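The values are calculated or read from the model by the stated rules, or taken from the named source; none is laboratory data. Bear in mind the structure is a predicted one, so any value in this text is a computation, not a measurement. Neighbour counts run over all protein chains shown; Cβ positions are idealised from the backbone, glycine included.
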Amino acid sequence: MQRLVRGLQLGPLGHGLRRVAGTGVERAVTLRWPDGREVGAFLPKFLRENTIEAWDGSSKQRLDFCLPLDLQVRDVAPVEFSSPDYSGPAFRLQFSDGHVGHFTPPRPADTMWSNELRRQEKLLWGSEEATQVRGELRDGHGPLRFEWKDLQENPSVAKRWIEAMHSHGLALVAGLPSSEDKPFEGVHAFARSLGTFLAPSVYGETFQIKSVTSPNNLAYSSLGLQMHTDLPFNEQPPGIQLFHCLQQAEEGGESIAMDGFAAAESLRQQDPEAFQTLCEHPIGFQDVTKDWFLSAKHPTFELDGAASADTASKLRRLNFNERARDSWRHWNPAASLQQEERVYEAMRKFEELVEDRSRYVSLRLMPGEMICTDNWRVMHSRSSFLGSRYFVGAYLDWDAVRGRWRSLSNTFEAQWRDIASTR
């Protein structure tokens, strides 16, 4: 349903057309509201593919493909438009291919995505903040501690959990089902309470962490482990790691975490050349068992975007796992020995920061508690232990989790309303 805005009628474009240099027969259309405010200039193909009618209302997917290159806009008029998906001001457009549709101008991308989770600040924590972070995990009302029943009952709690994982890369969930007869029930129930699913790996959708004889991974021993990120031998390592306690060891077995981004930023400040070396030099990783042979190469520090004169590139992902690092299979006889030496020196400097225990947050989890870490940022380990210790591990995909956050935030629905209310 539509009605023309008072004082305007559908007719020839006239001043709404202007030639765009270098585009041949394509013309840019300048759209204006009735009060004279200019919305912007748009190519006909952009307008055509973004009319409300060009999208399926249920799936939110585009319906029309392979549009003609010489597409033109024949007529335009501002109207009040109403449909199940949108009600408010729009432009009624008629195109040279016969399509008639309604276009609602988007906000500029910088505005549209200004509240995006990935743009929100990450709160790095090092030795000075580690004690506070531990307290926020243990405090029943701490911002990094969550009760599973609250996650089940209130979607806003799930949203806060996702935001905590973004800001700190670390959270604790308590009160999960912890029956050893149904060991995987807890992590599956947690994923359902978020509105998402577990992400499978070569170890399965879930995996049991127990001490066994002749383990194919030292995680399945009783040894203490060095700080690391999981599965760097994957082309894309998993995004979020879950460790659910079913039975704690008689002695030892503490779960330990540290902010790898904070350590990396310390290296950037202390030795910029070493930091840059670890950004540029790919490191080989491997996981070899009787059933599979996984191999991938990543730089230790992956950056998000290019640096400018005013800002340094932000860290996107950390890849660090000395148990799985594979230099032997990636030997290059043509490589510069001087460069290899610089890589070893840079790695040693970062490893010294990794071994700084003042940066560690150590927790002795009890049955029903689960520690969650951002596997692209926060490294984890555990202390050696005596007796039986039974944990269940699983992963979540960051894309799925961020997608759930956008849904819970109702971001784009709110922006539709803003567009309608400001015209």
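In segment 115-157, of all residues being in contact with a helix residue (DSSP H, G or I) (Cβ under 8 Å, 6 or more places away or on another chain) and small (Gly, Ala, Ser), the one that is nearest to LEU303 (Cα to Cα) corresponds to GLY126. For segment 89-112, residues that are surrounded by fewer than 17 Cβ atoms within 10 Å (Cβ to Cβ), modelled with pLDDT of 85 or more and either on the phi > 0 side of the Ramachandran plot or small (Gly, Ala, Ser) (or both) total 2. When restricted to residues that are assigned to a loop (DSSP other than H, G, I, E, B) and either touching a residue at least 24 places away in the same chain (Cβ under 8 Å) or under 23 Å from THR131 (Cα atoms) (or both), segment 286-301 contains 4. In this entry, SER201 is excluded by the filter for residues that are of a type outside the set (A, V, I, L, M) and at pLDDT below 95. Evaluated against (1) in contact (Cβ under 8 Å) with a residue 60 or more places away in the chain; (2) out of contact with any Pro (no Cβ under 9 Å at 6 or more places or on another chain); (3) not polar (S, T, N, Q), GLY204 falls short on exactly one condition, (1). Checking each residue in segment 78-118 for being within 26 Å of ARG27 (Cβ to Cβ), among the polar types (S, T, N, Q) and part of a strand (DSSP E or B) picks out only GLN94.
For segment 275-285, residues that are without any contact (Cβ under 8 Å) to a residue 40 or more places away in the chain and either of a type in the set (Ser, Thr, Tyr) or outside any helix (DSSP H, G or I) (or both) total 1. For a quick check of your reading of the model, give me the residue pairs whose first member lies in segment 348-375 and is under 20 Å from PRO177 (Cβ atoms), whose second is among the β-branched types (Val, Ile, Thr) and crowded, with 17+ Cβ neighbours inside 10 Å, with beta-carbon atoms closer than 6 Å and at least 6 apart or on different chains. Sorted first by the residue in segment 348-375, then by its partner, the pairs are MET370/VAL173.
Scanning segment 36-82 for residues that are acidic (Asp, Glu) and in contact with a Leu (Cβ under 6 Å, 6 or more places away or on another chain), we see that the one that is surrounded by the most Cβ atoms within 10 Å (Cβ to Cβ) is ASP75. Within segment 235-274, take every residue that is more than 17 Å from the chain's Cα centre (by Cα) and part of a loop (DSSP other than H, G, I, E, B) and give me the one that is surrounded by the most Cβ atoms within 10 Å (Cβ to Cβ). Per the stated criteria, the residue is GLY253. Annotation note: of ARG377, ARG359, ARG342, the sole residue that is farther than 18 Å from ALA219 by Cβ and in contact with a Lys or Arg (Cβ under 8 Å, 6 or more places away or on another chain) is ARG377.
Within segment 69-89, residues that are more than 12 Å from THR51 (Cβ to Cβ) sit with their Cβ atoms under 6 Å from residues that are β-branched (Val, Ile, Thr) and assigned to a loop (DSSP other than H, G, I, E, B), at 6+ positions apart or across chains, in these pairs: ASP70/VAL25; PRO78/VAL5.
For ALA90, the requirement of being in contact with a helix residue (DSSP H, G or I) (Cβ under 8 Å, 6 or more places away or on another chain) and under 19 Å from VAL378 (Cβ atoms) is not met.
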